[in-house]
Amino acid sequence: MANYPELEKLLESNEIDDVLISLDNYINELCEFGENLNVLTKQQMNFFLNQNFEKEINNGGLNQFFYNSSGEFSFETIQSLNEIKAVYTATILEKAICQFPSNNVPKDRDSREEIIEEIEDIANEIWEVLDSKLYENEDNLSELNLTYIKSNIKYF
């Protein structure tokens, strides 16, 4: 298990975004940008999923989250959000998943894209409302991730 060099020193910074970006870059390199996730600890994986979720939401909302490779980990992302106590955000993601037939988000990207194309006329209306709720940032994901890292520092 690899650990982030000098993480304790990095965590002394008051620039939360810099800390999260630096750790995100490290974990992405460690797991080859998602190609080798089995090298991550559970805690690193939670952080990886949470960061990917937040980046996708900020870049294009729930539609983009589901459409891209991050959508493969929809259910794991609910768990990772709950793990850091982002319950409000996890609940929104659960509601977004309800737009999929039988609440099933396929792991296979091609299958997922086909379903999104079938449902997106209706789903996008709901996802956009949910996106607005996510943008309100009721769960401060940056703060929650930082607290999670600090309480699990030995796993990073």
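Numbers below:
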quantity	calculated
Under Karplus coefficients 6.51, -1.76 and 1.60, residue-wise ³J(HN,Hα) of the range 38-54 in Hz, glycine/proline x	5, 7, 8, 6, 4, 5, 5, 5, 4, 4, 4, 5, 5, 5, 4, 4, 5
Asn38-Cys98 FRET efficiency (beta carbon distance; Förster radius 30 Å; 0.05 resolution)	0.50
Hits among lysines - C-alpha to C-alpha of Lys9 under 24 Å, sequence gap 8 or more where chains match	Lys42, Lys150, Lys154
Computed lengthening from Asn58 to Asn28, 0.36 nm per intervening residue step minus Cα-Cα distance	9.0 nm
More than 17 Å apart - percent of Cα-Cα pairs taken over the range 1-76	47
Helix-only [θ]222 nm of the chain, DSSP H runs n ≥ 4, -39500 (n - 2.57) each, per residue, nearest 500	-22000 deg cm²/dmol
Probe 1.4 Å, accessible area per residue of the range 46-156, Å²	50
Of all accessible heavy-atom area on the chain, the percent that carbon and sulfur account for (1.4 Å)	45
Rg over Rh [alpha-carbon atoms, Kirkwood Rh] for the range 93-156	1.13
Sites Gln79 and Glu6 - FRET efficiency at Förster radius 35 Å, r taken between beta-carbons, to 0.05	0.75
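The values are calculated or read from the model by the stated rules, or taken from the named source; none is laboratory data. The structure presented is a predicted model; accordingly, all values stated were derived computationally and were not measured. Cβ coordinates were reconstructed from backbone atoms using ideal geometry, including for glycine residues, and neighbour counts include every protein chain displayed. Accessible surface areas use protein heavy atoms only, side chains included; no ligands, DNA or RNA. Shrake-Rupley method; radii C 1.70, N 1.55, O 1.52, S 1.80 Å.
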